[in-house]
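The values are calculated or read from the model by the stated rules, or taken from the named source; none is laboratory data. In this text the structure is predicted, and so the values were computed from the model without any measurement. As a convention, Cβ positions derive from the backbone with ideal geometry for all residues, glycine included, and neighbour counts pool all protein chains shown. Ligands, DNA and RNA are excluded from the accessible area calculation, which covers all protein heavy atoms including side chains. Shrake-Rupley method; radii C 1.70, N 1.55, O 1.52, S 1.80 Å.
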Amino acid sequence: MKNQFLFATLALLFISSLSAIAQPPQGRAFPQSGMAPKGALYGKVLDEEGKGVGFATVQIMVKNNQTQQDSLLAGQLTEPNGDFRIENIPAIGQLTIVISFLGYAEIKQPIEFIRTPGTRMMGPLEKDLGNFQFSSETTVLDEVVVKGQATVAALSLDRKSFRIDKDLTTAGGTAQDALKNVPSVSVDLDGNVSLRNGAPQVFVDGRPSTLSLDQIAADAIESIEVITNPSAKYDAGGGAAGIINIVLKKEKRVGYNGNLRLGTDSRGGLNSGGDINARGEKINVFASGMYNQFRGFGEGETFRENLFTDPLSNLTQLSENNMRGGFANARAGIDFFLDNRNTLTFSGSIVRGKFDPNSTINNTTDYISPIGSLLYTSSFDRISEQNREFKNQGITGQFKHLFPKEGSEWTADINYNQVNFDGDSHFSSVYDNGYGTNERQVNLGQGSFFTAQTDFIYILGKDLKLEGGLKTILRKNTNNNNNTYLDPSTNEWVARTQLSDQFEFDDQILAAYLQAGRSFGKWGLQVGLRAESSDFTGRLTALDSSFNISYPISLFPSFFATRQLNETDQIQIAYTRRINRPNFFQTMPFTDFSDSLNLRRGNPALLPEFTNSMEISYQKIFEKGHNLLVSVYYKQANNLIATYQFAEPIANSENQVIINSYANSNSAAAYGAEITLKNSYGGWLDITTNVNLFQAKVDASNVEQDLEISRLSGFLKETVQITLPKNFSFQLNGEYRTRASFTPSSNNGMFGRGSSQNTAQGYTKELWFVDASIRKAFANNKAFLTLSVQDIFKTRKFGSYTNSEFFIQDSYRLMNPQLVRVNLSYRFGKMDASLFKRKNNRVNMEGSDMMGG
């Protein structure tokens, strides 16, 4: 062994000296390594008995296209257990890995970094080359192809991926701003997300999160994945329309790198933040932080004609609101690379925020006089001053094992989050007759969210893959909402017990899945089955009342068939089944008075909503960066959960109030077609077009007699990116939406309180808006100055129209139009394979040091 180590050391010194002088000659046919994307190659070297071979020589050779000669690109000696990992490999030319050790025949294996057809860029690449086993005869293994892509929009049949760091309009914004520009996705003023006009499930790094979208900085997001038909591998509940996965930034390159950001907007808001990632041989440390200060303005109008009065009466409500506040979050974690195939990760996050929304509402109402049924009008101004604080902290642990067979892995992880919410609201009303009232609402809430899951992927053969996993979700939430009014005679606050509520709810979901995929020539098949059960318990603590809703085990099959027509054309047929379970606020049988002008009441008899989805997709990849994706889909929902409104008499009064509640409609279906087209012209112009047309049908005759809706709706989204001289770039984003019969939301609010907008009594109004941005890069593309304008023409008005047997209502809201942002960002970093290693004067055995400095 001593002789072997001496031989290996001499070989290493020889390789190091070669690498110092092995500079490619002038006129070489491949680009300079500093300009090419960087990758990492790793694997393990075994002897004839399957034991790890330490101190074997591993070299990466590159062929010069002009001379056809091989030159040394990088090299390394294996660890004592046979592991090797070579970082900072330029993705250029024709590469060959050469492995040698005294007493064994040399191993050679061609490796090729290639670009995915239809793209122009590649990002950081990482490839597990598997195990290399020495034998008595020379072994030349089959070619390994390493594919990479890093473009603004990457389209594929099963998902769409969008690079947020390439989207200029999101600089200084939040995840709401980032999602607003993603094809197929729409975001309303409250942050509710819809996907193809349905309610999606929103993930962060592939896992459910208690963070709302406005608590995630857009600058911290690497990409957003849109999956319209998730397989059995993914949660069946949480959104019938599919999954939106927000992938946060986490660098894979050896060394350290980071980003600093600072910005402001035309309403006095501030945003700042930064992130850093430091990766060495055995550990990777990542951290990020941000602070945003909000200043917002909005307006709204509601007109209601009451049909249940004689004579008919009207209500007009005008509102103006101002939002002030800010929040800060911090996220940090560490990866321990136990070896090339085992990684242990721990991370944590903390969020703190405070918001002070204030509003003024002018309300004019017609009343019916008890004498002679005369109609008279009264008005009042209500001023609300609110203070809301929230805290969110969470920890995550994950273990990941990679099997030698490429694509095979096993993961196990746990995730725990805790949320605290504190709200204090004052409402002062002054009537036109001089009479005034003062009310106060105090809201305290907290919740916890725990998930544990394990998944595996195993490649059984060249064309067969098996996947499976187990998962449990535990949620617990409490909320205390107390309503008081100021008694003018005693100047003391008096409790309104009938307008207060205290509640708790627990939710538990158990799930398991198994799916298999098989390739047959140009055909690919994948079938899966997921089983989920859930148990829901709600308690009204002040009333000593509780209710329980249990959903037994339900099965959710999925099926995918893909046909590769040729190198540039493929088609896929998909079928999935999903569930949308009612949340606590939709099932709570008591009235929610948190907004006295918008009363809500749940329906404990609600049934879960099941959706069957079918989709046929066709993708065509053209030359020079053009890509076309066409999808035709059909969705059928049983027991669609829809909102509806009804009038209810006020106790001891002849007046009535409007109650918002929920019901299962008889049936609902939607079918349509979506086209996403990405065009690149001359390396300076990129255009992404997304068009979606769909026909929606809802039968809610069980809610209201003869209530059936059938409406053709659609939307168009356009993104234009132009690369200009002098390191300038320009971007335009536009969207147009027609009327829609129902637009369910993602319920991405605190404690799942986001209100569904699925309505069988009307529609959402059409809208359109345009955003624009311009960016200047300087300091060798390390610094960027971005100027952006949101809603240039002040047209992003979200409106709705409701028509029931009790009233007709027309309303709209507008928030932060013509907002101008200015942001400055600076990125830094250095490739350093010796990071976290103790420096000494001995020969460093890392591949990066063997590049000649």
Every residue in region 47-63 that is assigned to a strand (DSSP E or B) and either open to solvent by 20 Å² or more (accessible area, probe 1.4 Å) or touching an Asp or Glu at 6+ places or on another chain (Cβ under 9 Å) (or both), please. Gly52, Gln59, Met61, Val62, Lys63
Is it the case, given these coordinates, that Lys2 is more than 22 Å from Gln133 (Cβ to Cβ), at pLDDT below 60 and basic (Lys, Arg)? yes
One residue is enough: does region 349-370 have a residue meeting the conditions open to solvent by 50 Å² or more (accessible area, probe 1.4 Å), modelled with pLDDT under 90, part of a strand (DSSP E or B) and of a type outside the set (S, T, N, Q)? yes
Can you work out which of the residues in region 704-714 that are among the acidic types (Asp, Glu) and at negative phi is modelled with the highest pLDDT? Glu708
Find the residue count for region 417-446, including only residues that are in a strand (DSSP E or B) and over 29 Å from Asn482 (Cβ atoms). 0
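A quick yes/no check of all residues on (1) closer than 30 Å to Ile573 by Cβ; (2) among the charged types (D, E, K, R):
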| site | (1), (2) |
| --- | --- |
| Pro230 | yes, no |
| Ile244 | yes, no |
| Lys249 | no, yes |
| Thr264 | no, no |
| Lys282 | no, yes |
| Phe286 | no, no |
| Tyr291 | no, no |
| Arg304 | no, yes |
| Asp310 | no, yes |
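Report whether or not Ile616 is in a strand (DSSP E or B), in contact with a Phe, Trp or Tyr (Cβ under 6 Å, 6 or more places away or on another chain) and either closer than 30 Å to Glu805 by Cβ or modelled with pLDDT of 85 or more (or both).
The answer is no for Ile616.
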Restrict the check to region 662-669 and report whether at least one residue is open to solvent by 20 Å² or more (accessible area, probe 1.4 Å), part of a strand (DSSP E or B), of a type in the set (Gly, Ala, Ser) and modelled with pLDDT of 85 or more. yes
Residue check for Thr377: open to solvent by 40 Å² or more (accessible area, probe 1.4 Å) and either assigned to a strand (DSSP E or B) or modelled with pLDDT of 90 or more (or both): yes
Sort out which residues of region 299-315 are closer than 13 Å to Tyr812 by Cβ and of a type in the set (S, T, N, Q), and write them in order of number. Thr302
Would you check if Leu629 is at pLDDT 80 or above, open to solvent by 30 Å² or more (accessible area, probe 1.4 Å), in contact with a strand residue (DSSP E or B) (Cβ under 8 Å, 6 or more places away or on another chain) and closer than 28 Å to Thr723 by Cβ? no
For the list (1) among the aliphatic types (A, V, I, L, M); (2) closer than 24 Å to Leu402 by Cα; (3) modelled with pLDDT of 80 or more, I need the number of the one condition that Met61 fails. (2)
Checked against (1) modelled with pLDDT under 85; (2) assigned to a strand (DSSP E or B), Ser519 satisfies every condition except (1)
Between residues in region 426-441 that are open to solvent by less than 40 Å² (accessible area, probe 1.4 Å) and residues that are aromatic (Phe, Trp, Tyr), which pairs lie under 6 Å by C-beta distance while being six or more apart or on different chains? Ser429/Phe380; Glu439/Phe427; Glu439/Tyr485
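Tell me the residue from Lys678, Lys717 that is at pLDDT 85 or above, under 31 Å from the mean Cα position of the chain (by Cα), farther than 30 Å from Glu609 by Cα and of a type in the set (Lys, Arg), please.
Every option except Lys678 fails the conditions.
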When only residues in region 823-841 that are in a strand (DSSP E or B) and open to solvent by less than 60 Å² (accessible area, probe 1.4 Å) count, which is modelled with the lowest pLDDT? Gly829
Tally time: how many residues in region 768-816 are more than 28 Å from Glu305 (Cβ to Cβ) and in contact (Cβ under 8 Å) with a residue 12 or more places away in the chain? 25
Of the residues Ile383, Ile395, Ile334, Ile414, only one is touching a Phe, Trp or Tyr at 6+ places or on another chain (Cβ under 7 Å), within 30 Å of Asn479 (Cβ to Cβ) and part of a strand (DSSP E or B); which? Ile395
Go through (1) modelled with pLDDT under 90; (2) open to solvent by 50 Å² or more (accessible area, probe 1.4 Å) one by one and return the number of the condition Ser701 breaks. (2)
Where Ile549 falls short, out of the listed (1) surrounded by fewer than 19 Cβ atoms within 10 Å (Cβ to Cβ); (2) of a type in the set (Val, Ile, Thr); (3) touching a residue at least 24 places away in the same chain (Cβ under 8 Å): (1)
Cross-chain or 6+ apart pairs with Cβ under 6 Å, region 527-542 first and farther than 16 Å from Arg578 by Cβ, then buried (at least 20 other Cβ atoms within 10 Å of the Cβ) and not β-branched (Val, Ile, Thr): Phe536/Asp507; Gly538/Phe505; Gly538/Phe584; Leu540/Phe503
Looking at region 556-567, is at least one residue under 24 Å from Glu467 (Cβ atoms), part of a strand (DSSP E or B), in contact with a Lys or Arg (Cβ under 9 Å, 6 or more places away or on another chain) and open to solvent by 70 Å² or more (accessible area, probe 1.4 Å)? yes
All-but-one check, Phe584 against (1) within 26 Å of the chain's Cα centre (by Cα); (2) open to solvent by 70 Å² or more (accessible area, probe 1.4 Å); (3) under 30 Å from Gln441 (Cβ atoms), failing number (2)
Being part of a strand (DSSP E or B) and basic (Lys, Arg) is the filter; apply it to region 450-500 and report the residue that is least open to solvent (accessible area, probe 1.4 Å). Lys471
What residue, among those in region 508-538 that are surrounded by fewer than 20 Cβ atoms within 10 Å (Cβ to Cβ) and aromatic (Phe, Trp, Tyr), is farthest from Thr562 (Cα to Cα)? Phe520
Reported set for region 756-812 where residues are in a loop (DSSP other than H, G, I, E, B), modelled with pLDDT of 90 or more and of a type in the set (A, V, I, L, M) is Ile792
